[in-house]
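This is the structure I have questions about; it appears just below.
The values are calculated or read from the model by the stated rules, or taken from the named source; none is laboratory data. Keep in mind that what you see is a predicted model, and the values were worked out from it rather than measured. Every residue, glycine among them, receives a Cβ derived from its backbone with ideal geometry; neighbour counts consider all protein chains shown. Side chains are part of the model used for accessible areas, which takes the heavy atoms of the whole protein and leaves out ligands, DNA and RNA. Shrake-Rupley method; radii C 1.70, N 1.55, O 1.52, S 1.80 Å.
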Number of protein chains: 2
Amino acid sequence: MSKIHFDTIALIGIGLIGSSLARVIKREGLAGHIVVSTRSESTLARAQQLGLGDSYTLDSAEAVKSADLVIVSVPVGSSGAIARQIAGSLKPGAIVTDVGSTKGSVIAQMQPELPANVHFIPGHPLAGTEYSGPDAGFAELFANRWCILTPLEGTEPAALSRLTKFWQACGSRLDTMDPVHHDRVLAIVSHLPHLIAYNIVGTASDLEEVTNSEVIKYSASGFRDFTRLAASDPTMWRDVCLHNKEAILEMLARFSEDLASLQRSVRWGDGDALFDLFTRTRAVRRGIIDAGQEVDAPDFGRQQASHPSK
Amino acid sequence: MSKIHFDTIALIGIGLIGSSLARVIKREGLAGHIVVSTRSESTLARAQQLGLGDSYTLDSAEAVKSADLVIVSVPVGSSGAIARQIAGSLKPGAIVTDVGSTKGSVIAQMQPELPANVHFIPGHPLAGTEYSGPDAGFAELFANRWCILTPLEGTEPAALSRLTKFWQACGSRLDTMDPVHHDRVLAIVSHLPHLIAYNIVGTASDLEEVTNSEVIKYSASGFRDFTRLAASDPTMWRDVCLHNKEAILEMLARFSEDLASLQRSVRWGDGDALFDLFTRTRAVRRGIIDAGQEVDAPDFGRQQASHPSK
């Protein structure tokens, strides 16, 4: 069997995720032809310089014409507009998927626009870094990371199976999930952490009595860990907040309740309550390392990264 | 000039910090003799197996008898007890310092106990990992990290200079600061981040509708970043919370106010406010990388750590 999974793959959006897909598709030989499309002229030119695709167009409708697989990798707030642009040009039988961090909203935006003769299978690879744009991608991004598909009622098993095998060939581990459950799970494992990180970095940089240069100088004592998530793409995260509002508000409320309780323990000097919480949370990291979702090295392996010869 | 800075150094406490000091002192030849002392028999035995010192004792008073430099590396809540134990045995002219994350409380606990004929210079190396105990230390821990000394009124400049040079020889960059300002700076750059990390990990593991195994599986989408700080030593962090209460409560209040405002932006769909915050915070990370306090690699360099051959 050929390694080629699809004759033509159209990548709509060529940022961190799109360009990582382009690289792994090319490295693994998963497509006969890759069409790259984005609405920004300069980004498209950069993608071409990097040799990410086989053909390039600013016109998403043009891009999807002969594609057997269309992967929409844009901020979730733009999903509906993309669906409207490509709907009339899709090849019958094509698979259309996306990589958005919210699934309920993407489905609500895209499903009504797409024709009945294509297979729309929403998806979400749980992978990324704090960098964005076509230069930021790399072929190993999906290796050992989970990709969650949220197939709709009536999805053809053969199409689901093809898309599953494609993501596996990109290195991903696959799960399927109900879109509502996806949005609640992601609200706690991804959206809340990003919001909290953005918030604490904002709080620190607003302090009058501690200067920004002090915050920066002494950041290795804890603060810098949060700055990574808080350096993520602002457009992407604005859209996530606007498009998974209910689940995010629920998780924020729970977080704030717990924080009020922790604050009370600090105020009243309840050392036992503090010690109990601090002990309980330690076990969670061990679980993540054991599950292969984190490096088993102190300090995220920063020591190796800064002294690669070690 | 010999590299030896002190004839005898007594390390009281041999956890992550104490054992890292032992290793760098030995590697750099900064002491003629290292005495290791800790109250736990099994920890002391382990330190001896690891060859961290030249002599070993469970008796801290015995340990300091001939020491020119005494470094107290214990949870800050134990500082007063250590000071009482060693006060009567200290060599006149010895320098006594500590490594605690809170300075006001350590000074209040130790200063009244110590005799007038020693130089008490409180200190705080801003370095650590999420691991603890004598096995967790390494000689490079202090390299390029800041160490803040908070000298008291009347500190002899020569003693301050000797301690400064010692820490520099360990790899640190040195600053001096008023203890009250130290405690406020650390509350924002270190104590608040740890509390927030502990809190979010607690919130996530308490959810009924999202299982712990889902939190672990999908943690690479953001959550796992927080689990590192939340895996830090519970005793150390309980003591920090109990001993820097006022500054921590102030920072928690500011954080919560900002979070309420962010939550309001999510609820009312204020995309501009979200975008503004998310853009502002991005610059802070760039500042930290430029200041040499963070690795300039995506994802903390985890990719290199998990694929060291790359």
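List every residue whose amide H lies under 5 Å from the amide H of residue A:146, counting only residues 5 or more places away in sequence or on a different chain, with H placed 1.01 Å from N in the peptide plane.
The answer is A:126, A:173.
Let me ask something else. What list of ³J(HN,Hα) values in whole Hz, one per residue of segment B:68-73 in order, does the Karplus curve 6.51 cos²θ - 1.76 cosθ + 1.60 (θ = phi - 60°) give from phi, with Gly and Pro shown as x?
Those phi angles translate into 8, 9, 10, 10, 8, 10 Hz.
How far apart are the residue B:156 label points across copies, placing each 7 Å from Cα toward Cβ, in nm, shortest first?
Going from nearest to farthest copy, the values are 8.8 nm.
Moving to a separate point now. Which shape class applies to segment B:71-191: rounded if a/c is under 1.5, otherwise prolate when a/b exceeds b/c and oblate if not, where a ≥ b ≥ c are the square roots of the Cα gyration tensor eigenvalues?
It is rounded, given that a/c, with a ≥ b ≥ c, falls under 1.5.
Ok, one more. Using only the alpha carbons of the protein assembly as shown, what is the convex hull's orientation-averaged projected area in square nanometres?
28.5 nm²
Right, here's the next one. If amide hydrogens are placed 1.01 Å from N in the peptide plane, which non-local residues have theirs closer than 5 Å to the one on residue B:133?
Long-range HN contacts for residue B:133: B:16.
What is the angle, in °, between the Cα long axis of helix A:245-267 and the longest principal axis of the Cα atoms in chain A? Nearest 10 is fine, range 0 to 90.
Computed tilt is about 10 degrees.
Let me ask another. Starting from the amide H of residue B:96, placed 1.01 Å from N in the peptide plane, find each other amide H under 5 Å away whose residue is 5 or more places distant or on another chain.
B:70, B:119, B:120, B:121
Under a GNM of chain A (C-alpha, springs under 10 Å), which listed residue has the highest mean-square fluctuation: A:42, A:19, A:101?
A:42
Taking K and R as +1 and D and E as -1, what net charge do the other residues with C-beta under 13 Å from the C-beta of residue A:244 add up to?
Its environment carries a net charge of +1.
Here's something else I'd like to know. Using only the alpha-carbon atoms, how far is helix A:271-290 inclined from the longest principal axis of chain A? Give it as 0 to 90 degrees, nearest 10.
30 degrees
For segment B:181-294, just say rounded, prolate or oblate: build the C-alpha gyration tensor, square-root its eigenvalues into a ≥ b ≥ c, call rounded for a/c under 1.5, and beyond that prolate if a/b exceeds b/c, oblate if not.
Cα axes put segment B:181-294 in the rounded bin.
Tally up the carbon and sulfur contribution to the accessible surface of segment A:1-155 as a whole percent, 1.4 Å probe, everything protein left in place.
48 percent
Ballpark to the nearest 100 Å², how much total accessible area do A and B bury together, probe 1.4 Å?
10400 Å²
Shifting gears a bit: Gaussian network model of chain B, Cα springs within a sub-10 Å range: biggest mean-square fluctuation belongs to which of B:277, B:174, B:149?
B:277
Here's something else I'd like to know. Using a Förster radius of 41 Å, what is the FRET efficiency between residue A:156 and residue A:276 based on their Cβ-Cβ separation? Nearest 0.05, please.
Step by step, r from the Cβ atoms, then E = 0.20.
Here is a follow-up. Output the pairs from B:26/B:91; B:91/B:245; A:217/B:91; A:3/A:65 with a Cα-Cα distance over 28 Å in this structure; if there are none, say none.
Beyond 28 Å between Cα atoms: B:91/B:245; A:217/B:91.
Looking at chain A as a GNM with Cα springs under 10 Å, which of A:255, A:278, A:223 has the largest mean-square fluctuation?
Maximum fluctuation in the GNM of chain A, among the listed residues, is at A:278.
Roughly how many Å is it from the Cα centre of segment B:149-201 to that of segment B:42-65, as a whole number?
For segment B:149-201 versus segment B:42-65, the Cα centre distance is 26 Å.
Can you tell me, using C-alpha contacts under 8 Å and at least 6 residues apart, the relative contact order of segment B:181-294 as a whole percent?
30 percent
Return the sequence-ordered ³J(HN,Hα) values of segment B:137-147 in whole Hz as given by the Karplus equation 6.51 cos²θ - 1.76 cosθ + 1.60 applied to θ = phi - 60°, using x for Gly and Pro.
After applying 6.51 cos²θ - 1.76 cosθ + 1.60, I find x, 7, 5, 8, 3, 8, 4, 6, 9, 7, 10 Hz.
Calculate one ³J(HN,Hα) per residue across segment A:152-161 by plugging θ = phi - 60° into the Karplus curve 6.51 cos²θ - 1.76 cosθ + 1.60, and present them in order as whole Hz with x for glycine and proline.
Running phi through 6.51 cos²θ - 1.76 cosθ + 1.60 with θ = phi - 60° gives 8, 4, x, 5, 5, x, 5, 5, 4, 5 Hz.
Can you list, largest first and rounded to whole Å, the semi-axes you get for segment B:113-153 by taking the square root of 5 times each eigenvalue of its Cα gyration tensor?
27, 14, 8
How tilted is helix B:192-206 with respect to the longest principal axis of chain B? Cα atoms for both, answer in degrees (0 to 90, nearest 10).
50 degrees
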